[in-house]
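Enquirer: The structure follows.
The values are calculated or read from the model by the stated rules, or taken from the named source; none is laboratory data. Note that the structure is predicted; figures quoted are calculated from it, not measured. FYI the Cβ positions are ideal-geometry reconstructions off the backbone, even for glycines, and counts take in every protein chain you see. Heads up: the accessible areas ignore ligands, DNA and RNA and are worked out on the full protein's heavy atoms, side chains in. Shrake-Rupley method; radii C 1.70, N 1.55, O 1.52, S 1.80 Å.
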Amino acid sequence: MKEQSKQIIIRFAKESELVRVNELRKLVNDLHVEGKPEIFRAGFNDELRDFIYKIWKDPEQKIVVAELNGVVCGFAVLHHIHRPENPFMLERDFMDVDEFCVDKEYRRQGIATKMMSFIRNYTKEKGIKRLELNMWEFNQDALAFYEAVGFKTYRRYMEMKV
Ligand SMILES: CC(C)(COP(=O)(O)OP(=O)(O)OC[C@H]1O[C@@H](n2cnc3c(N)ncnc32)[C@H](O)[C@@H]1OP(=O)(O)O)[C@@H](O)C(=O)NCCC(=O)NCCS
């Protein structure tokens with residue numbers, strides 16, 4: 001495993017890798033459909049597939065990949081959010097981690113941790129002082145990971161079936 005971890009490269013994606021990134025996005029979508037079938041659309045529809053190219057073209061968004069032995073095995077989408085002050089809130093400026101996944105057979109090797117460290121460094125370099133993300137409550141594996149790398153819950157969504 002030490003040998004493997006030496007070969008992990010975390011960097012921004014190339015356009016030619018977006019087809020592979022979409023394979024990983026499908027994994028996340030399938031997980032969401034399984035966990036919240038009343039909310040998420042099953043399958044991987046064309047709009048969802050093409051959305052990665054909108055992200056690619058948006059100057060406020062970045063796609064990070066993890067490459068191990070020449071294989072893209074993880075990805076994340078970063079979105080710089082800047083909101084002016086409003087009657088409720090002060091001005092807000094943060095990096096949102098919109099999507100995040102490591103392929104199944106590559107998990108528990110520290111790859112996501114390395115990706116988050118890259119994201120943190122990049123965010124700092126940009127002079128942004130805050131990282132945020134939101135996640136679905138059923139996804140306790142993701143929660144365990146986010147907490148392991150230092151995220152804390154600061155806000156909740158609640159629901160009631162009526
Ligand atoms: C969540 C996810 C990104 C973690 O990736 P990973 O590369 O396996 O994470 P790491 O190896 O860096 O894990 C670091 C630590 O996080 C915690 N952790 C990670 N996955 C965990 C799991 N399934 N259960 C419990 N703790 C977990 C552990 O403390 C782990 O350290 P350890 O392996 O020494 O015990 C990966 O499981 C994944 O892609 N899941 C499916 C997609 C997803 O849920 N994405 C996020 C929501 S959109």
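Enquirer: Considering only segment 50-105, how many residues are out of contact with any His (no Cβ under 9 Å at 6 or more places or on another chain) and among the charged types (D, E, K, R)?
Expert: 10
Enquirer: Which one is surrounded by the most Cβ atoms within 10 Å (Cβ to Cβ), of the residues in segment 137-148 that are near the ligand (Cβ under 7 Å from one of its atoms) and touching a residue at least 12 places away in the same chain (Cβ under 8 Å)?
Expert: Within segment 137-148, the match that is surrounded by the most Cβ atoms within 10 Å (Cβ to Cβ) is PHE145.
Enquirer: To continue, here is another question. How many of the residues in segment 101-136 are assigned to a helix (DSSP H, G or I), near the ligand (Cβ under 6 Å from one of its atoms) and open to solvent by less than 30 Å² (accessible area, probe 1.4 Å)? Quick ask: steps written out before the conclusion?
Expert: Going through segment 101-136, the residues assigned to a helix (DSSP H, G or I) turn out to be 104-106, 111-125.
Next, from what is left, pick out any that are near the ligand (Cβ under 6 Å from one of its atoms): 111-113.
Still in the running and open to solvent by less than 30 Å² (accessible area, probe 1.4 Å): 111-112.
The qualifying residues number 2.
Enquirer: What number of residues within segment 53-78 satisfy the criterion of being part of a strand (DSSP E or B) and open to solvent by less than 70 Å² (accessible area, probe 1.4 Å)?
Expert: Here is the first cut: in segment 53-78, the residues part of a strand (DSSP E or B) are 61-68, 71-78.
So of that shortlist, the ones also open to solvent by less than 70 Å² (accessible area, probe 1.4 Å) come out as 61, 63-68, 71-78.
Result for segment 53-78: 15.
Enquirer: Regarding segment 155-162, can at least one residue be identified that is open to solvent by less than 60 Å² (accessible area, probe 1.4 Å) and either assigned to a loop (DSSP other than H, G, I, E, B) or within 26 Å of ILE8 (Cβ to Cβ) (or both)?
Expert: Let us first name the residues in segment 155-162 that are open to solvent by less than 60 Å² (accessible area, probe 1.4 Å), namely none.
For segment 155-162, residues open to solvent by less than 60 Å² (accessible area, probe 1.4 Å) and either assigned to a loop (DSSP other than H, G, I, E, B) or within 26 Å of ILE8 (Cβ to Cβ) (or both): absent.
Enquirer: Taking the condition in a loop (DSSP other than H, G, I, E, B), out of contact with any helix residue (DSSP H, G or I) (no Cβ under 7 Å at 6 or more places or on another chain) and of a type in the set (A, V, I, L, M), does ILE9 pass?
Expert: Numbers: in a loop (DSSP other than H, G, I, E, B): no; out of contact with any helix residue (DSSP H, G or I) (no Cβ under 7 Å at 6 or more places or on another chain): yes; of a type in the set (A, V, I, L, M): yes.
No: the conditions fail for ILE9.
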